[in-house]
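The values are calculated or read from the model by the stated rules, or taken from the named source; none is laboratory data. Just so it is clear, the structure is predicted and the values come from calculations on it, not from any experiment. No Cβ is skipped: glycine too gets one built from the backbone with ideal geometry, and neighbour counts run over all protein chains shown.
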Amino acid sequence: MTARDMDRDRGILPPSVADADAQVLDDTGNGRRFTGALGAASTKVRRHRAPWRFGVVAVGALFPLLFDDVTVFRIGVVLIMMIAAFGLHILVNWTGELSFAHAGTVGVAAFLVAKLSAEQHVSPIVLLPLGMVVGAAAGAVIGLPALRAKGLHVALVTLAAAIAIDRLLFTKEWLVGPPGGYVVPASEFGPVEFRSSHSLYPILLLVMAVAYGAVRMLHRSKLGRGFLWIKADEAAARSFGVPARQYKLWAYVIAGSLAGLSGAMSVVWVQRVTPQSFLLARSFTYLVIVVLAGQGLFGGVAVATAMLEGGRVFVSGAGAVIAYSGPIAVIVALTRYREGLNGLGRALASASRQRIAGLRGRTERHR
Amino acid sequence: MAEEGRAKRVSAVVVNGVFIGMVYGLIAVGLIVTYRGTRVVNFAYGETGMVAAFAFYELRLDHGTPLAVALPVAIALGAVIGALTEVLVVRPIRRALSPIVGLIATFAVGSLMAVYASRRWGLSPRFVSPMVQGSGVQISGIHISPGQLIVLAATVVILGGLWALYRFTTLGLAMRVTAADPYAAGLVGVNTNRVAVTTWSVAGALAAVSAVLLAPLVTFQVFFMTVMMIRAVAAAIVGGLTSPGGAFAAAVLLGVAEAVIGFKSPITGAVEGTLAIFIIVLLLVRPAGLVRSAS
């Protein structure tokens, strides 16, 4: 019997909270095993990660540089979408909330960055933090109803906000610029000018690495743990002192900031912004990605984004397949396999570990 | 003279708003029917009606099918789509802890139908003439078109029929019992699955009628019902997602407000913006709605 089981039997941790805690351990392999109530003394559990994994990740990240500029551009479009999808993943799969206004948040930040960059002749790279701030502010405004409304009503509010952004803000020339959209000058940082996708790609990787690292730290933090507990059982989380309303608002703010970063980065990458890039339907694409990803870290989000957005960008004529497969995949995921791609990955990893352990055991016995 | 002309124009705008609001009310009532029956907000409702309306006008305009055949086919199509949605999508997730799961699932169903419709019928708006031609009637100098008269008649028939269904039939009683407490309904022998399918079929048929009535009054394109859904959702929220009467009244007021705002304000998106603010404020101040069903 583990310490967690004993705590559950003694009623210190309600089952749902303990399960959420276990989920954090399962997802990261690292983390803390609580031996008592929230904030009590804990023991660190570290899983040793083989160094060669970091090498594989580094090689994989730099591999696209071998391709031509158009291919690198397309890869960048997919990666930028992934940043926004990370944000919605935190909101939906970690906290159990919902936002139909995610594409709108991306768009608001993108247009403000593009406007400043085009009119004030500021390099859009310098405005990346502004994009995050704008996105965070938009997330806070959209998430404010979360303080009072619950579940379904919050979803309806975000849908209303999304439609308002789409019909009210994205039709205003003072925001979206001339009919052809804003054309943003090539990015520069000090003496360095970035005129091609190849030159911008390391910047994109750096932005992604920072975003990923920050969110991974969030996953292990008290706030991130609070998100998971709110999703698992909000009443139990509240009874353990988790300020659920404030944490939910933080979830919207963090999701908004990642959406804003994605919007700002898209300005840097694409150098042109039009309202058609942030239609309401785009919010549903983000939702499809996070539903397919399922509970967990970011592997599922990355795979789902690569499948959907990568398929749309790279495979010509795949528009119909992607258009149909997204909603069908969501329906199948919600009705048959709610664990999503992350759950599938965990199951495969567990099965392969058991198989390797079994093979090792057999080898030992033969010796 | 100018004042009189302006007063007539405003009156005409208000009357148009009333009739548009009636159609919003029918959509809102359909949303409430499904929510009361299965506690799922059906975000595929608009697209169900849209597919049925497109099928109706394809039969009428492209194949010359008589109205007496095309309309029942469209209504049946709406009912079948509603039933299939309940059986294949809603039933497996009915026991989900979060109502958001049902919302996302029905949103996905709606998206699927929108993709199909856009590929089959295209995205270009089209003009469809009213089902019944004629000069309409004049009441106090205000012209009411045949299409609007049909909306009025259909509203009376449908709302009256729904009221009678709930009030006087065994099926209606089963639907009310299932809406109040599905577990208790099952204990007293109500086949809750059958009631759920019937509820969604009725709602699907209602969506088809609403869309067919609405099509000649607005820009008829693949997303015309999606745009109307937010108005209907706002009206349904006023009714606390449980009161058809409250939702219908709110929808009519909404239709009038929309028409007046659209007439007075040249700002693009003013209506949607006002609506969004209204929904947000209402859900913050009174999340249970302004009018709730007594049951």
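Take the conditions of a type outside the set (D, E, K, R) and on the phi > 0 side of the Ramachandran plot and apply them to A:G135. Does it pass? If you could, list the steps in order and put the result at the bottom.
Details: of a type outside the set (D, E, K, R): yes; on the phi > 0 side of the Ramachandran plot: no.
No.
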Sort out for me the helices (runs of 4 or more DSSP H) sitting completely within segment A:170-260 that have 2 or more residues that are in contact with a helix residue (DSSP H, G or I) (Cβ under 7 Å, 6 or more places away or on another chain), away from chain B (no Cβ under 14 Å) and closer than 30 Å to A:P275 by Cβ. A:197-220
Residue satisfying condition, being touching a His at 6+ places or on another chain (Cβ under 7 Å) and not charged (D, E, K, R), within set B:G110, B:G136: B:G136
Looking at B:A70 and the list (1) of a type in the set (A, V, I, L, M); (2) without any contact (Cβ under 8 Å) to a residue 60 or more places away in the chain; (3) out of contact with any helix residue (DSSP H, G or I) (no Cβ under 9 Å at 6 or more places or on another chain), which single condition is not satisfied? (3)
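Considering A:R282, A:R312, A:R365, which residue is over 30 Å from A:F73 (Cα atoms) and in a helix (DSSP H, G or I)? Write out each step before concluding.
Working: A:R282 fails: over 30 Å from A:F73 (Cα atoms); A:R312 fails: over 30 Å from A:F73 (Cα atoms).
Testing whether each residue is over 30 Å from A:F73 (Cα atoms) and in a helix (DSSP H, G or I) leaves just A:R365.
Just to be sure, is A:A264 buried (at least 20 other Cβ atoms within 10 Å of the Cβ) and within 22 Å of A:G96 (Cβ to Cβ)?
Values: buried (at least 20 other Cβ atoms within 10 Å of the Cβ): yes; within 22 Å of A:G96 (Cβ to Cβ): no.
So A:A264 fails the test.
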I'd like to check something: does segment A:320-328 contain any residue that is within 15 Å of A:A84 (Cβ to Cβ), surrounded by fewer than 20 Cβ atoms within 10 Å (Cβ to Cβ) and within 13 Å of chain B (Cβ to nearest Cβ)? no
Suppose we keep only residues that are away from chain B (no Cβ under 14 Å) and surrounded by fewer than 24 Cβ atoms within 10 Å (Cβ to Cβ) within segment A:270-295. Which one would you say is modelled with the lowest pLDDT? A:S277
Which listed residue, of B:G141, B:G134, is in contact (Cβ under 8 Å) with a residue 12 or more places away in the chain, surrounded by fewer than 17 Cβ atoms within 10 Å (Cβ to Cβ) and either within 22 Å of the chain's Cα centre (by Cα) or under 22 Å from B:A211 (Cα atoms) (or both): B:G134
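Residue-wise test of (1) within 28 Å of B:L171 (Cβ to Cβ); (2) of a type in the set (S, T, N, Q); (3) touching a strand residue (DSSP E or B) at 6+ places or on another chain (Cβ under 7 Å).
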{"site": "B:T38", "(1), (2), (3)": "yes, yes, no"}
{"site": "B:V41", "(1), (2), (3)": "yes, no, no"}
{"site": "B:R60", "(1), (2), (3)": "no, no, no"}
{"site": "B:P72", "(1), (2), (3)": "yes, no, no"}
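Output the residue which, of all residues in segment A:137-146 that are at pLDDT 85 or above and surrounded by 19 or more Cβ atoms within 10 Å (Cβ to Cβ), is nearest to the other protein chains (Cβ to nearest Cβ). Walk me through how you get there before you give the answer.
Residues of segment A:137-146 at pLDDT 85 or above: A:137-143.
Of the ones still in play, those that are also surrounded by 19 or more Cβ atoms within 10 Å (Cβ to Cβ) are A:138-139, A:142-143.
On the way: A:A138: 14, A:G139: 15, A:I142: 9, A:G143: 12 Å.
This residue is A:I142.
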Restricting attention to segment B:115-124, and to residues there that are over 21 Å from B:L71 (Cα atoms) and of a type outside the set (S, T, Y), which single residue is surrounded by the most Cβ atoms within 10 Å (Cβ to Cβ)? B:V115
Subset of segment A:233-248, residues closer than 19 Å to A:A149 by Cβ, among the small types (G, A, S) and in contact (Cβ under 8 Å) with a residue 60 or more places away in the chain, comes to A:A237
Take the residues of segment A:39-87 that are of a type in the set (K, R) and at pLDDT 65 or above: which is nearest to A:F240 (Cα to Cα)? A:R53
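Here are some residues: B:L88, B:L123. Which one is under 29 Å from A:E339 (Cβ atoms) and over 21 Å from the mean Cα position of the chain (by Cα)?
Values: B:L123 fails: under 29 Å from A:E339 (Cβ atoms).
Going through B:L88, B:L123 in turn, just one is under 29 Å from A:E339 (Cβ atoms) and over 21 Å from the mean Cα position of the chain (by Cα): B:L88.
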Given the options B:L254, B:L275, name the one that is assigned to a helix (DSSP H, G or I), at the interface with another protein chain (Cβ under 8 Å from one of its Cβ atoms) and either touching an Asp or Glu at 6+ places or on another chain (Cβ under 6 Å) or not small (G, A, S) (or both). B:L275
Picked from segment A:215-241 (must be surrounded by 14 or more Cβ atoms within 10 Å (Cβ to Cβ) and of a type in the set (A, V, I, L, M)), the residue farthest from the chain's Cα centre (by Cα) is A:A236
All positions within segment A:300-322 that are out of contact with any Lys or Arg (no Cβ under 8 Å at 6 or more places or on another chain) and among the aliphatic types (A, V, I, L, M): A:V301, A:A302, A:V303, A:A304, A:A306, A:M307, A:L308, A:V315, A:V321
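Quick one: is A:R336 closer than 23 Å to A:W94 by Cβ and modelled with pLDDT under 85?
Working: closer than 23 Å to A:W94 by Cβ: yes; modelled with pLDDT under 85: yes.
Yes; evaluated as a whole, the condition is true for this residue.
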Mind checking whether some residue in segment A:335-351 is away from chain B (no Cβ under 14 Å), touching a Lys or Arg at 6+ places or on another chain (Cβ under 8 Å) and assigned to a helix (DSSP H, G or I)? no
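Within segment B:125-134, does at least one residue satisfy the condition of being over 20 Å from B:A52 (Cβ atoms) and more than 14 Å from chain A (Cβ to nearest Cβ)?
Kept after step one, since they are over 20 Å from B:A52 (Cβ atoms), are these residues of segment B:125-134: B:133-134.
From what is left, the residues that are more than 14 Å from chain A (Cβ to nearest Cβ) are B:133-134.
Checked segment B:125-134: at least one residue is over 20 Å from B:A52 (Cβ atoms) and more than 14 Å from chain A (Cβ to nearest Cβ).
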Matching residues in segment B:278-295 - criterion: being modelled with pLDDT under 75 and more than 9 Å from chain A (Cβ to nearest Cβ): B:R286, B:A288, B:G289, B:L290, B:V291, B:R292, B:S293, B:A294, B:S295
Determine which member of the set A:A149, A:A164, A:A155 is within 14 Å of chain B (Cβ to nearest Cβ), surrounded by 16 or more Cβ atoms within 10 Å (Cβ to Cβ), free of Cβ contacts under 8 Å to residues at least 24 places away in the same chain and part of a helix (DSSP H, G or I). A:A164
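Let's see how each residue does on (1) in contact with a Ser or Thr (Cβ under 9 Å, 6 or more places away or on another chain); (2) surrounded by 24 or more Cβ atoms within 10 Å (Cβ to Cβ); (3) not acidic (D, E):
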position: B:R6; (1), (2), (3): no, no, yes
position: B:I32; (1), (2), (3): yes, yes, yes
position: B:N42; (1), (2), (3): yes, yes, yes
position: B:L67; (1), (2), (3): no, no, yes
position: B:A79; (1), (2), (3): yes, no, yes
Go through (1) within 30 Å of A:G326 (Cα to Cα); (2) crowded, with 17+ Cβ neighbours inside 10 Å one by one and return the number of the condition B:M175 breaks. (1)
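Assess whether A:E364 counts as being among the acidic types (D, E) and under 24 Å from A:L258 (Cβ atoms). Don't jump to the end; show me each part of the working.
Details: among the acidic types (D, E): yes; under 24 Å from A:L258 (Cβ atoms): no.
Against the criterion (among the acidic types (D, E) and under 24 Å from A:L258 (Cβ atoms)), A:E364 does not qualify.
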In this structure, is A:F284 of a type in the set (A, V, I, L, M, F, W, C) and in contact with a Lys or Arg (Cβ under 9 Å, 6 or more places away or on another chain)? no
